[in-house]
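The values are calculated or read from the model by the stated rules, or taken from the named source; none is laboratory data. Quick caveat, the model's predicted, so the values are computed rather than measured. No Cβ is skipped: glycine too gets one built from the backbone with ideal geometry, and neighbour counts run over all protein chains shown.
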Amino acid sequence: MFGYITPFTPELKVRDQELYQAYYCGLCRALGKYGLSSKLTLTYDATFACVLLSAASGKEPEFSLRGCPAHPVRGRIPTVTPDEVSDYCAAVCVLLAKYKLIDDSRDGKPMRKAALPVIRRGVSRAEKKYPEAARVLDEGLKKLGEIEASEPCDPDAAPLLFGGLLGSLLSAYPGLSDEVRPIICELGKKLGGFIYTADAWDDRAEDEKRGSYNIFLRGGFDDPKAVCTAMLDMYINSAVLAYDLLDVSTGRDLLDNIMHMGLSCRAAEVLEGRDRRPEGECGPSDEGKEDA
């Protein structure tokens, strides 16, 4: 349920691509505070959250030149120095990974649950440092499980609930002003709905094989693809409307690229059945992904 919020590379300026990579590497470093294995939970979505929350809280990133053990020949590149924003996003990343593994195990993937001990230390640290985020996740994902087990299927219920959960997590960052917080909450709600819907469409074949819950299998739609297209368009348009209310300067061009072009490109990929964009098309290259 991750990796759906990415830049549109063909329209991304070199400086913004480097800024995105710097945030990505900075988040990877921040995840190291939660244990080396926690770096496996690094996602593009969490990187976007770092850029967004930094901009929304008016925090200018600080940079340092760092090398990466996974890419020793690449040398030292600019990396955002871990701060309170990246630390919060790292903790949320680890907590979400825990529940993703649990959810996958319920969907007939027992090996995913076996991976839980690998990130247990990071999860414990994140829960202790951000107990409110852990509580919100625990309560929200329990409700999500109830929705997925209920009859009849309400295709809007699960995306809306997951959206509300993501909105609560993003807006819970303590560095936001009272003016900005409700905007971030609304933006998170729409992006969460987009992520859940895109993930459901991506997983429908596997979910059908395993007999797992999927809104496009149990919704009784005559044309599921048309419904998915409409839902994705609705969430994207609503997210952009919320985003355009933000008055930010830090990372503005990068955020504009993601919100105004990246989301639509990613939606097209999902609908066309492309698992991952070829390098040079939509989204960042897979180079940074290996750093996790």
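Residues in the range 152-173 that are within 20 Å of the chain's Cα centre (by Cα), in a loop (DSSP other than H, G, I, E, B) and of a type outside the set (Asp, Glu): Ala172, Tyr173.
Pairing each residue of the range 127-154 that is within 18 Å of Val92 (Cβ to Cβ) and surrounded by 11 or more Cβ atoms within 10 Å (Cβ to Cβ) with any residue that is modelled with pLDDT under 90 and of a type in the set (Asp, Glu), provided the two are 6+ apart or on different chains, yields C-beta distances under 8 Å for Leu141/Asp103.
Just to be sure before I move on: is Leu187 modelled with pLDDT under 90 and either of a type outside the set (Asp, Glu) or under 30 Å from Gly219 (Cβ atoms) (or both) in the structure I sent? Against the criterion (modelled with pLDDT under 90 and either of a type outside the set (Asp, Glu) or under 30 Å from Gly219 (Cβ atoms) (or both)), Leu187 does not qualify. Could you tell me whether Val94 is at pLDDT below 90 and assigned to a helix (DSSP H, G or I)? Considered against the rule, which asks whether it is at pLDDT below 90 and assigned to a helix (DSSP H, G or I), Val94 comes out as no. Only residues that are in a helix (DSSP H, G or I) and not basic (Lys, Arg) were counted across the range 218-234, and they come to 10. Scanning the range 27-69 for residues that are free of Cβ contacts under 8 Å to residues at least 12 places away in the same chain and either under 21 Å from Tyr196 (Cα atoms) or part of a helix (DSSP H, G or I) (or both) turns up Gly32, Leu36.
Rundown of residues vs (1) over 17 Å from the mean Cα position of the chain (by Cα); (2) outside any helix (DSSP H, G or I); (3) over 18 Å from Tyr44 (Cβ atoms); (4) charged (D, E, K, R), yes/no style:
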| residue | (1), (2), (3), (4) |
| --- | --- |
| Gly175 | yes, yes, yes, no |
| Leu191 | no, no, no, no |
| Phe194 | no, no, no, no |
| Ala198 | no, no, no, no |
| Ala205 | yes, no, yes, no |
| Phe216 | yes, no, yes, no |
| Leu241 | yes, no, yes, no |
| Met259 | no, no, no, no |
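In the range 209-218, is there at least one residue being more than 23 Å from Pro131 (Cα to Cα), at pLDDT 95 or above and touching a Pro at 6+ places or on another chain (Cβ under 6 Å)? Looking for residues that are more than 23 Å from Pro131 (Cα to Cα), at pLDDT 95 or above and touching a Pro at 6+ places or on another chain (Cβ under 6 Å), one finds none in the range 209-218, hence no. For the range 1-26, filtered to residues that are among the aliphatic types (A, V, I, L, M) and not in a helix (DSSP H, G or I), the residue that is nearest to Leu141 (Cα to Cα) is Met1.
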